[in-house]
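The values are calculated or read from the model by the stated rules, or taken from the named source; none is laboratory data. Quick caveat, the model's predicted, so the values are computed rather than measured. So basically every Cβ, Gly included, is an ideal-geometry build from the backbone, and we count neighbours across all protein chains shown. Calculation scope for accessible area: heavy atoms of the full protein, side chains included, ligands and nucleic acids excluded. Shrake-Rupley method; radii C 1.70, N 1.55, O 1.52, S 1.80 Å.
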Protein chains: 2
Amino acid sequence: MEENKEQSKSALKKAEKAAQMAAKKAEKAAKQATLPVVGGKKADDIIGITVKKNENFSQWYQEVVLKAELIEYYTEISGFFIMRPATMYIWNVIRKWFQEHIDELGVEETNFPMFLSQKSLEKEKEHVEGFAPELAWVTKAGDKDLEVPVAVRPTSEAVMYPYYAKWIRSHRDLPFRLNQWNSVVRWEAKQTTPFLRAREFMWQEGHTAHLTEQAAGEEQLLAVPVVRGRKTEAEKFAGGYYTTTVEGYIPSNGRGIQGATSHCLGQNFSKMFDITVEDPAEKGKHIHVWQNSWGLSTRVIGVMVMIHGDDKGLVLPPRIAKIQSILIPVGLTAKMSAEEKDAHMKKVDELLATLKKAGVRTDVDTREGYTPAWKFNDWELKGVPLRIEFGPKDAAKDVISYARRDTGEKGTIPIAELTTKVPELLETIQQDMYNKAEASFREHRLKIEKWEDVVPALDAKNVVLIPHCLVPDCEDKIKELTTGRSDEAAEGPESQKAPSMGMKSLCIPFEQPKGLVKGETKCLNPECSRLAEQWCMFGRSY
Amino acid sequence: MEENKEQSKSALKKAEKAAQMAAKKAEKAAKQATLPVVGGKKADDIIGITVKKNENFSQWYQEVVLKAELIEYYTEISGFFIMRPATMYIWNVIRKWFQEHIDELGVEETNFPMFLSQKSLEKEKEHVEGFAPELAWVTKAGDKDLEVPVAVRPTSEAVMYPYYAKWIRSHRDLPFRLNQWNSVVRWEAKQTTPFLRAREFMWQEGHTAHLTEQAAGEEQLLAVPVVRGRKTEAEKFAGGYYTTTVEGYIPSNGRGIQGATSHCLGQNFSKMFDITVEDPAEKGKHIHVWQNSWGLSTRVIGVMVMIHGDDKGLVLPPRIAKIQSILIPVGLTAKMSAEEKDAHMKKVDELLATLKKAGVRTDVDTREGYTPAWKFNDWELKGVPLRIEFGPKDAAKDVISYARRDTGEKGTIPIAELTTKVPELLETIQQDMYNKAEASFREHRLKIEKWEDVVPALDAKNVVLIPHCLVPDCEDKIKELTTGRSDEAAEGPESQKAPSMGMKSLCIPFEQPKGLVKGETKCLNPECSRLAEQWCMFGRSY
């Protein structure tokens, strides 16, 4: 354990050092801004992120999603958020990528109504009990009471499956695979957080009998590393058979976070909704189909923000960035003639055209009245992966100067090589971001074999892998035992709110560590007398 | 008028003749089906459309949308419909086409919550009065009453504009253009009809200050002809300034139908929600922005079905058809050896590959246990534009045989020319379908200058262009005067329900006919003493 604490401390030190270097660079950049703008916006005028990610993670996150214009709070009704164009761009990239995958699998698109009736809901008792406290009920239309209130879908099993029973007539209709993109409503009583927990969120929901693929895999696109595994009985989907999941990790607070999930519903729902086909092996005998459902929501955007963002704001992986590189003219001093400036700006236009032609999503910032340094900060806040500066000095050398958003690293690229080097650099940034997050997750996923090491590991921002009996009651006990036992001081308002949140199971990883001897290794919970079944990943979690 | 009645009768005769010919062809095709299928499905087994389009239009429509698997009735809650994959494919083609157009205009995508608060709603009195009777109110979450009930959006002006007031800070932020794809809820008391009038429907809603383009133009894609114009005061958008519209026409019952609309909101909403910018011409003075909103909904799919469908079912324009041509192996008799059959099916596979490679969306029907004739009928019901048959006789001549869905016309194409001729033929079908519908609309849009000619014109399934004063009260009077005055016998259950629906204004066409002398020509309403302002298009309508 000590080793891991050290690792964590060393990571913190590195982050601090990186932040200091970044601050120095920003200062230097500000000084380099040579354009004397009368009455213009200087770097200091920007209202950037006011807190450090490591000091107050919760406030940092709220500022980033708001100031990078990903979301707006919907103040009319609490718990709802407006998805702004920067978010919709990312969501559409994910959607397109996902759609192509499911198209290949032959999944067809559908659109079911947003309301469900009490009657359908009641068909699956476990399922309705899971969602009942969060259902939004429409009871009136105009000024008239509805005879039978209807609920806004929290998910569409109960909306869709009566029709699966109607449409699936023969085993030749299987596999039967439908997907829909929509938004669902879960009227959360808990505090909401943009992307992670909202009363309405966008997602896709796929519902099938035979699809066995894991609906995972978004990690490469968002540069978010995950652990794939199966949810425990206590954490599975209400009414389901078992749930597979991809679990992410937020280094700043050491919490686990669920990405996409795929639920094997078994025959639970097909029995309730009577979805049967004739047994191909035995004429006249009807069998209930096996069903899966899987969902990927805008929550993954929140995870991406949390993992990659820094003290200057959002950091976007190039593959999902609407603007991959921002071109900023610099060094246009008051001494230059209008002709000289025009000639330089013409070159800027050529660079823009060259980059666009090379398939790099590029924009140019020619806003008047703002210093280059102000612009640098503004685009850093918004997370643009690559800044390209071009001044008379660059022009003289036939190069552009660049700065990477993720590392702050600077360099130059000959203009003649732009069309190959810039795409390469963007791909390098994408890989580096993934690798860095992956290493961090790996370092903070600790195999624990002594109970007394658990809470210190959590406090050092780790998730833990422990031998576990997989019994739901034991999980409850573990949560209780790890609640309120923080060994370290609180570190910011978020921790003050929940100074020592108990841990819950995240998943039973498909890739099991070694060292668990069946019939011998005990469940790590000191109050549990059962033997361990598998290594289970636990953590504080969203 | 008589001339037009004649036209209408002649059109009907033509349609009857076409139907007879189609029936004969189907019969012939059924006889040609040579595969002796033991216990298989024969042509007669298909449960096709049971009524003729001209005899009972309303039932015909309901059967087509259901049996061609475009929709399913959501029996759990009345007035809602399930959009099946065949519909979603069409909607996605429209969406993609529309998105490309608005991308070019620089419109950005957004996603606002589906609920709106009473407070926002009340800001625009006229607007809220227009929608109040149809609002679905959420009053409970779980088992708790909400402190303040929230309504599901019927449209998003009141949801979005408070944020426009916040985000639009300077005239440099204009034009400000956002669009969202979502579904809205209007709890209609009137009878619902798939696509045309549903309690929830999918659409896009664009909201902008400066966009002056007409959000029209879907006609070419769906082969649906329209008249562009402006809505009268009585028919404009609740709370708007004026509304432009594209109006379609359903030949089968002579009714007008609204396609897309674009509302100029003027400054009405910006004054209510206080959306201002500083006047660029006068420092310190604030002006309210001018706004537009525009919407295109799945309703256009219903219009397309009504216009092009026939007694055999759906007829899809090739551009929006998921399957543009269906390849059906024929003539595989019992006398043929297994080797001969295999060799033939190998050629079928080659044809499929060739067509796909040429960019034709093609599928092959190799279902066992069904006669070719049964398959012909099944694909006709589903509206596939082109049927391609391939039997040993075709193979011997190195051709394929085809049948057009729109006209029933048959022919052959040399296999060597498939990759050019099939795409050409599909484009011809698209154009012919548009031209036919356009001619029908043109023939049934009558310029009427005597009041006594109005009702007979409506009864002969026309819409009428009349000189009109454009005063709302006069419109109400016209509706009253034309209600219950049908001069002809009812023609089917639909007419029995509404034997002589009054006419309402559809639009004031941008392209005005000649013959109206300002200050001289009188409003056609015999009980109106005002002068006519413009030619206005009236009709029975959806």
>> Can you give me the distance in nm between label points at A:Ser78 and A:Glu427, each placed 7 Å from the Cα along the Cα-to-Cβ direction?
In response: 5.0
> If you rank B:Thr50, B:Thr87, A:Thr428 by how much accessible surface each has, with a 1.4 Å probe, what is the order from largest down?
Replying inline: B:Thr50, A:Thr428, B:Thr87
> What figure in square angstrom, to the nearest 10, would you give for the accessible area of B:Cys536 with a 1.4 Å probe?
Replying inline: 0
>> Modelling each spin label as a point 7 Å along the Cα-to-Cβ direction, I'd like the B:Asp398/A:Lys397 distance in nm, to one decimal.
In response: 6.6
> What distance in nm separates the simple spin-label points at A:Glu104 and B:Glu527, each placed 7 Å from Cα in the Cβ direction?
Replying inline: 6.8
> Got a number for the accessible area of B:Asp342? Probe 1.4 Å, square angstrom, nearest 10.
Replying inline: 110
> R0 = 45 Å: FRET efficiency of B:Trp167 with B:Lys346, Cβ-based, nearest 0.05?
Replying inline: 0.15
> Which residues does a label at A:Glu126 reach in the stretch A:247-271, if reach means a backbone N under 12 Å from a point 7 Å past the Cα toward the Cβ?
Replying inline: A:264-271
> Among residues other than A:Phe81 whose Cβ falls under 11 Å from its Cβ, what is the net charge (Lys/Arg +1, Asp/Glu -1)?
Replying inline: +1
> Summing Lys, Arg as +1 and Asp, Glu as -1, what charge do residues with Cβ under 12 Å from the Cβ of A:Thr419 carry, A:Thr419 excluded?
Replying inline: +1
> Dipole of the stretch B:325-440, Cα-centred, from +1 at each Lys and Arg C-beta and -1 at each Asp and Glu C-beta, to the nearest 20 debye?
Replying inline: 100
>> Within 10 Å, Cβ to Cβ, of A:Cys507, how many net charges do the neighbouring residues add up to if Lys/Arg are +1 and Asp/Glu are -1?
In response: +1
>> Taking a point 7 Å out from Cα toward Cβ as the label site, list the nm distances between A:Gly266 and the same residue in every other copy, smallest first.
In response: 6.4
> Label point 7 Å out from B:Trp97 along Cα-to-Cβ: which residues of the stretch B:158-186 have amide N under 20 Å?
Replying inline: B:180-182
>> Report the gain in length on full extension from B:Lys283 to B:Glu233: 0.36 nm times residue separation, minus Cα-Cα distance, nm rounded to one decimal.
In response: 14.4 nm
> What average count of beta carbons from other chains do you get within 10 Å of the Cβ of residues in A:80-89?
Replying inline: 5
> What are the label-to-label distances in nm, one decimal and shortest first, from A:Lys357 to the same spot in the other copies, with labels 7 Å along Cα to Cβ?
Replying inline: 3.3
>> For A:Leu174, place a label point 7 Å from Cα along the Cα-to-Cβ direction in every copy; what are the distances to the other copies, in nm, shortest first?
In response: 6.2
>> For B:Val128, B:Val64, give me the order by solvent-accessible area with a 1.4 Å probe, most accessible first, ignoring ligands, DNA and RNA.
In response: B:Val128, B:Val64
>> Charges on Cβ only, +1 for Lys and Arg, -1 for Asp and Glu, centred on the Cα centroid of the stretch B:325-440; of B:Leu426, B:Leu381, B:Leu352, which one is farthest towards the dipole's positive end?
In response: B:Leu381
> Can you give the average number of partner chain beta-carbon atoms within 10 Å of each beta-carbon in peptide A:105-116, as a whole number?
Replying inline: 6
